[in-house]
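Since the structure comes first, as structure tokens, the remarks are kept for the end.
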Amino acid sequence: MKHTISILAVSAVLGSTQAAMAQTEVEFWHAFTGRLGELVAEQVEGFNSSQSDYTVVATHKGNYSETLNAGIAAFRAGEQPDILMVFEVGTATMMGAKGAIKPVYEVMGDGFDQSKYIGSVKGYYTSPEGDMLSLPYNSSTPVLWVNRNKLQEAGIDPDTDLSTWEQVGTVLDQLKEAGVSCPMTTAWQSWIHLENFSAYHDVPFATKSNGFDGTDTELAFNSAAQVAHIGAMGEWAKDGKFIYAGRRNEGGANFRAGECALFTESSAGYAGIKAEAQFDFEVRPLPYWTAVASEPQNTIIGGASLWVMEGQTDEEYAGVAAFLDFLSSPEIQAKWHQDTGYLPITSEAGDLTRSQGFYEANPGTDIAVIQMTAKEPTANSKGLRLGSFDQIRTIIDEELEAVWAGDKDAQAALDSAVERGNALLRRFEQASR
């Protein structure tokens, strides 16, 4: 990519490269493989090369759920790493893990400027008092990916308006009529089509400001707006216009292979799509229903943050602070954003990316940032902070699959997901007292 520079070059700017062995080792557990794993390794190498006091050792611990579980098990055994990557749905779990975490604002110490982090990203990981508990690392938001070639082959103008679900529905009809086997697929169905759908249309996913105002929250995603959307997708699934590929990002392989015309997925799909797609692709904003909202609100983030674990030495905490400061620098953040499609976590990194001409050379790569920051978040669009949310997502996945298979209607499925999920929330509430 012509507007990016190597991590090693950046590290030379941020600090002199020294070959001496580091004195203090910092353990970092993460959930990335493939291209993202390579980019993490590059960041770690850049930091280790930029100074001689610390060595960060990065270890892949499985997918997001497996990494969280590994961290919890390690803490119980007294063998926790210094830094643990935890996906956003584990935020309430980490906040409730008494004695397990050391808040980032404490680790970073005096002079830590929290104001430089983008509000819609930072807010997810801050205490009610506004203190950052973990460092946003890889933050993404869902967008609509378009295979322009596939539209063109079906006789559809590739520049056709896809800003609303009503318009998407019309295009899906045309794609099906043209014989396209995969008009639309999705990744992360709960995150995109319930969690972000709710925020984007400014309707509650749960009570108590989606859990931010207390653990006595209850799920509320079985209201008319969500039922209508899931019901429409159920009809599309029945008609072969929406092809369900799996709970995580299994649909990404279908889109990258050129099989599907439309794909709802994280903005961070950019790294893989850019590397693999042999067709002309485009990023569009996530569609919204004009029947529900006159204009969209804002989407919310997915991805993960970095939590600092308790029980480490002062030297290790100093190394953690140095590494997190390195990761937050405009140069490192701009490169990460440009390479991956994840949001820049600071406004400085976004400004640097724009000044480097990246958005101009890669149209659409700024859509995720605009979508997240165009409006001040509301109580319904600030994010989600729910206990046992990983397990609740599993319940949602099961119920949505029943809709896609035609075994349940949308109302029955979402009512069941709410009832089953609320039982988990009550158990979490009791355990948090």
For segment 155-165, Karplus couplings with θ = phi - 60° (6.51, -1.76, 1.60), whole Hz, Gly/Pro x: x, 10, 4, x, 8, 4, 5, 10, 6, 10, 5
Kirkwood Rh, Cα atoms: Rg over Rh of segment 340-433: 1.16
- request: Taking the Cα centre of segment 261-389 as origin, sum charge times position over the Cβ atoms of Lys and Arg (+1) and Asp and Glu (-1), and report the length of that vector in debye to the nearest 20.
  value: 540
- prompt: Measuring with a 1.4 Å probe in the full set of protein chains, what accessible area per residue, in whole Å², belongs to the chain?
  reply: 39
- prompt: Given labels modelled 7 Å from the Cα in the Cβ direction, how far is it in nm from Ser223 to Ala77?
  reply: 4.5
task: Would you mind getting me the FRET efficiency between Arg248 and Thr313? Use the beta-carbon distance for r and R0 = 41 Å, nearest 0.05.
output: 0.65
query: Which percent of the accessible area of segment 104-174 is formed by carbon and sulfur heavy atoms (probe 1.4 angstrom)?
result: 40
- prompt: When the dipole is taken about the Cα centre of segment 317-433, and only Lys, Arg (+1) and Asp, Glu (-1) are charged at their Cβ, what size is it in debye, to the nearest 20?
  reply: 440
task: Scan segment 98-145 for trypsin sites (Lys or Arg not before Pro) in coil per DSSP, keeping those whose Cβ has at most 16 other Cβ atoms within 10 Å, and list them by number.
output: Lys98
query: Taking the alpha-carbon set of segment 148-203, what are its Rg and Dmax in Å?
result: 13.1, 37
message: How much of the DSSP bridge set in the chain is antiparallel, in percent, rounded to the nearest 5?
response: 60
statement: Once the in-chain neighbours fewer than 8 apart are removed, the aspartates and glutamates whose Cα is under 12 Å from Lys274 read Glu282, Asp339
- prompt: Can you give me the relative contact order of the chain as a percent, contacts being Cα pairs under 8 Å and 6 or more apart?
  reply: 25
- request: Quick one: compute the contact order of segment 266-345, relative version, from alpha carbon pairs under 8 angstrom and 6+ residues apart, as a percent.
  value: 50
statement: If the chain between Glu360 and Asp157 were fully extended at 0.36 nm per residue, the gain over the current Cα-Cα distance would be 70.8 nm
- prompt: At q = 0.06, 0.14 Å⁻¹, what log₁₀ I(q)/I(0) does a Debye calculation on the Cα points of the chain give, no solvent, two decimals?
  reply: -0.25, -1.34
Charge dipole (segment 301-433, unit charges on Cβ, about Cα centre) - positive-most of Val403, Leu343, Gln356: Val403
field: Solvent-accessible ranking of Arg248, Arg433, Arg354, Arg385, largest area first, probe 1.4 Å
entry: Arg433, Arg354, Arg248, Arg385
Net +/- balance of residues flanking Ile83 in space, Cβ distance below 10 Å, scoring K and R +1, D and E -1: -3
field: Most positive-pole-ward Cα, Gly71, Ser52, Val26, against dipole of the chain from beta carbon charges
entry: Gly71
statement: Between Ala97 and Thr55, the two model label points (7 Å from Cα along the beta-carbon direction) sit apart by a distance in nm of 2.6
task: Report, to the nearest whole %, how much of the accessible area of segment 329-433 belongs to carbon and sulfur atoms, 1.4 Å probe, protein only.
output: 49
Global geometry of segment 43-142, whether rounded, prolate or oblate, following the gyration tensor of its Cα atoms and the 1.5 cut on a/c: rounded
Accessible-area value, Tyr117, 1.4 Å probe, nucleic acids and ligands omitted, Å²: 10
- prompt: Do any GluC sites (Glu not before Pro) in segment 131-221 lie in a DSSP loop with no more than 13 other beta carbon atoms within 10 Å, and if so, which?
  reply: none
field: Flagged links, alpha-carbon separation over 28 Å, of Lys61/Lys150; Lys150/Lys408; Lys61/Lys98; Lys238/Lys382; Lys238/Lys375
entry: Lys61/Lys150; Lys150/Lys408; Lys238/Lys382; Lys238/Lys375
query: Rounded to the nearest 20 Debye, what is the dipole magnitude of the chain about its Cα centre when Lys and Arg each give +1 and Asp and Glu each give -1 at the C-beta?
result: 380
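The values are calculated or read from the model by the stated rules, or taken from the named source; none is laboratory data. Keep in mind it's a predicted model, so treat the numbers as computed, not measured. Positions of Cβ are backbone-derived with ideal geometry, glycine not excepted, and every protein chain shown enters the neighbour counts. Please note that ligands, DNA and RNA were not included when accessible areas were found on the heavy atoms of the full protein model with its side chains. Shrake-Rupley method; radii C 1.70, N 1.55, O 1.52, S 1.80 Å.
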